[in-house]
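Step one of this worksheet: look at the structure below.
The values are calculated or read from the model by the stated rules, or taken from the named source; none is laboratory data. Only a predicted model underlies this, so the values are computations on that prediction, with no experimental measurement involved. Neighbour counts are summed over all protein chains in view; Cβ atoms, including those assigned to glycine, are modelled from backbone coordinates with ideal geometry.
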Amino acid sequence: MSTAEDLPVLGAPVDRVDGPLKVTGQAPYPSDVDLPGQAHAALVQSTIAAGRITDLDTTEAEKAPGVLAVLTHHTVPRLPRGPMTSLGVSPPAPLQDDRIRHHGQHVALVVAESREQATAAARLVRVEYAPADPVLDFDDPRAVSVDDPWGLDSHRGDVDAGLASADVTVDAVYTTPDNTNNPLGLFSTLAAWEGERLTVYDATQWPAMVRETLAEVFGVPEVSVRVLSPFLGGGFGAGLRAWPHVILAVQAARDVGRPVKLVLTRPQMFTSVGHRPKGVQRVRLGATADATLVAIEHHSTSLLAVEDDDYEPFAAGSAVAYACPHVVTADRQVRANVPAPVSMRAPAHAQGNFALESAMDELACALDVDPLELRLRNHADVHPALGLPWSSNALRECYAVGAERFGWSRRPARPRSRRDGHWLVGQGMAGVSYPWYQAPSLARVTVTADGGATVASSGMDIGTGTYTVLTQLCAHLLGLPLEQVRSDLGDSDLPEAPQAGGSGLTSALGSAVADACERLLGALLELVRDDPESPLHGSDPEDVVAAGGGLRRRGDPGRGETYAAILARHGRPQLGADGASTPAQPTELGMALAGAFGAHFAEVRVDEDLGLVRVSRVTTVIDGGRILNEKTARSQVIGGVIGGIGMAVFEDTITDPTTGRIANATFGDYLVPVHADVPDLDVTFVGEPDRASALGVKGVGEVGLVGVAAAIANAVHHATGVRVRSLPITLDALL
Amino acid sequence: MRLNVTVNGERRQADDVWEGESLLYVLRERLGLPGSKNACEQGECGSCTVYLDDVPACSCLVAAGQAEGREVRTVEGLAEGEALDPVQQSFVDAGAVQCGFCTPGLVVAAHDLLDRVPDPSDEEIREALAGNLCRCTGYEKILDAVRTAAGAR
């Protein structure tokens, strides 16, 4: 049999199914959940960046009103570090010794009857330190560096020979600062033990990983741990790890024998749940006079914590961005006394693309060719490293459609040649080749006696629209109206799905849901085929489709029955099926797995006297494969573009170079784009369903951000003639 | 102290309120109204925006005692029964919601804007909502939602 042949529900700009809950304030975020008898916790954090705790006096704090316990490295048992995950190591367990590794490290946790009491008592914890001189930047000779941390360094051809053969070369250094994820939702953990059973409401993008981690750290079976994250106030990568504060909340709940709730403060969000790490990148490009790339060399160094790891191969993407015979990419990390970095929306690629696409603009200027023409001439028609055809690639269409919509052909070639009063006007562009990513996933789909269906998965909806697209997908495949499908997500007791991250969840989990639907329809068909009372008795499976809330004869919708009728006649309250998806294997397919592609065209206005940069419009065209929901996907890309504008001209987490303290850890001091900064945005999707994905989906959660910073920097150069190679682009660079 | 406050048209009372508590804390922790969000606790993000006597305010910056005897309207009090307020409906229709954490504050701020300026220009919308931070949506669809709601009211 087959499912419905056309796609009436899939792809439709369906309203977000969780919208009404969210606009009425009813959606339960982790910090909104309360349990009877819960206590509240507050963190005490280190005020030095390196050294040792010499004395930690909790006497006054313990005597303060309402205080139930103060956890320190003297009280917390030796806990193992969490497990290796598919994204790398777990963070070190907290409060294990007297050593200070970064400013803002947790040194104590106060538990009290109320949050206010815990916060007040936290100020009474006296900590004496023996400070050491911290390592805070790349150039510190004491810093330990890690070469090629992920084995991704690449060599193709002979880059020195390539550069020697070039008519024109570019050699430039680009720097990007620390950025902080800063989801609006403060991260929160509510932990409750009942004997050896542990329930945790956590601000995580990956409930299954938190469950596995807590089971290992606290020495209980995974089945006795339940982690819930049905709603999350954003994450942008910050929710991809089981952070030390999560472990501490669980330990505190065990210590006081009551549920314990810990909500981070905004300043604590800067030091406790990761950030996009700062980096320095050197790019050398070589091209012949006809604008053919003959060499790409891209080296990066980024900053890492002293005892933790993070995946940030800035340069790796440059190996596959363009057709080029001679390529070297190499990444290095330097350990410093800074908080642990983490993936922040488009990790590594946000930074690496800024360097490469800025250098491409510099090369275009040096060659005196149009920046778009340079990219088209060096387009990677096949995967540059594997030599295989792409599973899908509409990058050329992204460029063509974007240029047309933006009006690129009317752009004057010379920098600083357009003005509007005292505003210098410039236009720049950048291309994006985002990597493919997918992890294995499970899902369950169940039809119930009322004739509706339920999708169940531990995967969660970070705000992207997972609830909505899974509901659409299931409704489509089972021939049900949207209103009769419900998705239950973000509960580690449900079939295991990967993280909401890496732009990979929709494809992984969606494919598992599709598999579950197919198995479920197979089971239903078996029931009716052998059932003389069914109007479909004896039907050839090829002649049956899922439609009208049940199974129907193809071409004869009057002949069939609803799921409710099938279940009722067979005395079953429900019938479910488990589905699975596994990532495609490129060698088996004979093609290179493609992620999303994109092109951004930006216009900026720079005040000639004051150096102010305003982004006035951005045209973005994305090849995301099949788009399951035009409305939610577009919103993802728009949000990504604004994130890119933040990276380009606002966001900068500033660490004091002597103390290691983050100097701007509030929303008042860490600038993010606001309504008044939003330019005219034009987002278009192009391309075909991807051949390597069961659903044809490529994922659009991150691609919209990548390339925006370069497009803006290139536009600033076009406006002013000034090349800014350091983000964010602030007025001081333009005066 | 005892706090008497009218919330969403209903007279409410909270006992043993500590003088240092914020109105946001009272709403969330004592009155069972977690719709208003805490995201910065210092008036920088707008997520906790409520009406205080018909004037929008960051409830994290209002001391609980300042609300004594006054009227508070939160995001939970905008809808009439099952029917969403036009502002709420337009946020759903326009796709102006992603993670949704900033949404309650934005809905109240947009509601207030349309009360004051029934047909705002784009510039007025941008300016009026510039104090409400959002990290997901890119704001573009929120602008659409406010335009749509202005037409619907």
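Going by the conditions given, is A:ILE622 buried (at least 24 other Cβ atoms within 10 Å of the Cβ), within 14 Å of chain B (Cβ to nearest Cβ), free of Cβ contacts under 8 Å to residues at least 40 places away in the same chain and aliphatic (A, V, I, L, M)? Break it down into steps so the answer makes sense when it comes.
On the way: buried (at least 24 other Cβ atoms within 10 Å of the Cβ): yes; within 14 Å of chain B (Cβ to nearest Cβ): yes; free of Cβ contacts under 8 Å to residues at least 40 places away in the same chain: no; aliphatic (A, V, I, L, M): yes.
Taking the combined requirement at face value, the residue does not satisfy it.
Among the residues of segment B:26-42, which ones are in contact with a strand residue (DSSP E or B) (Cβ under 6 Å, 6 or more places away or on another chain) and either more than 9 Å from chain A (Cβ to nearest Cβ) or modelled with pLDDT under 95 (or both)?
Taking segment B:26-42 and keeping what is in contact with a strand residue (DSSP E or B) (Cβ under 6 Å, 6 or more places away or on another chain), we get B:26, B:30-31, B:36.
Matches in segment B:26-42: B:VAL26, B:ARG30, B:LEU31.
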For A:VAL200: the one exception among (1) surrounded by 23 or more Cβ atoms within 10 Å (Cβ to Cβ); (2) part of a helix (DSSP H, G or I); (3) not charged (D, E, K, R):
(2)
Residue pairs, Cβ under 8 Å, 6 or more apart or interchain, first in segment A:499-517 and at pLDDT 95 or above, second among the aromatic types (Phe, Trp, Tyr). List them.
A:GLN499/A:TRP206; A:ALA500/A:TRP206
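Of the residues A:THR506, A:THR471, which is assigned to a helix (DSSP H, G or I), under 18 Å from the mean Cα position of the chain (by Cα) and buried (at least 24 other Cβ atoms within 10 Å of the Cβ)?
On the way: A:THR471 fails: under 18 Å from the mean Cα position of the chain (by Cα).
The conditions single out A:THR506.
So, in segment B:117-153, of the ones that are under 15 Å from the mean Cα position of the chain (by Cα) and surrounded by fewer than 21 Cβ atoms within 10 Å (Cβ to Cβ), which residue ends up nearest to the other protein chains (Cβ to nearest Cβ)?
That would be B:ALA130.
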It is to be established whether one or more residues within segment B:82-93 are in a helix (DSSP H, G or I), polar (S, T, N, Q) and in contact (Cβ under 8 Å) with a residue 60 or more places away in the chain.
yes
Go through the residues of segment A:210-218 one by one and say whether even a single one is touching a strand residue (DSSP E or B) at 6+ places or on another chain (Cβ under 7 Å) and modelled with pLDDT under 95.
no
Sole residue being in contact with a Leu (Cβ under 8 Å, 6 or more places away or on another chain) and either crowded, with 19+ Cβ neighbours inside 10 Å or under 18 Å from A:LEU304 (Cβ atoms) (or both), chosen from A:VAL127, A:VAL89:
A:VAL127
So B:ALA94 passes all but one of these: (1) more than 30 Å from B:MET1 (Cα to Cα); (2) at the interface with another protein chain (Cβ under 8 Å from one of its Cβ atoms); (3) touching a Lys or Arg at 6+ places or on another chain (Cβ under 6 Å). Which condition number does it fail?
(2)
Go through (1) on the phi > 0 side of the Ramachandran plot; (2) outside any loop (DSSP other than H, G, I, E, B) and name the single condition A:LEU525 misses.
(1)
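From the list B:LEU52, B:LEU24, B:LEU114, exactly one residue is assigned by TED's automatic domain parsing to the domain that holds B:ARG147, out of contact with any Gly (no Cβ under 8 Å at 6 or more places or on another chain) and without any contact (Cβ under 8 Å) to a residue 40 or more places away in the chain. Which is it?
Values: B:LEU52 fails: assigned by TED's automatic domain parsing to the domain that holds B:ARG147; B:LEU24 fails: assigned by TED's automatic domain parsing to the domain that holds B:ARG147.
It is B:LEU114.
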Working carefully through the options A:THR189, A:THR213, find the one that is hydroxyl-bearing (Ser, Thr, Tyr), in a strand (DSSP E or B) and more than 30 Å from A:GLY387 (Cα to Cα).
A:THR189
Output the strands (runs of 3 or more DSSP E) that fall wholly within segment A:218-290 and possess 3 or more residues being more than 30 Å from A:LEU356 (Cα to Cα) and not assigned by TED's automatic domain parsing to the domain that holds A:ASP331, or say none.
A:225-228, A:260-263
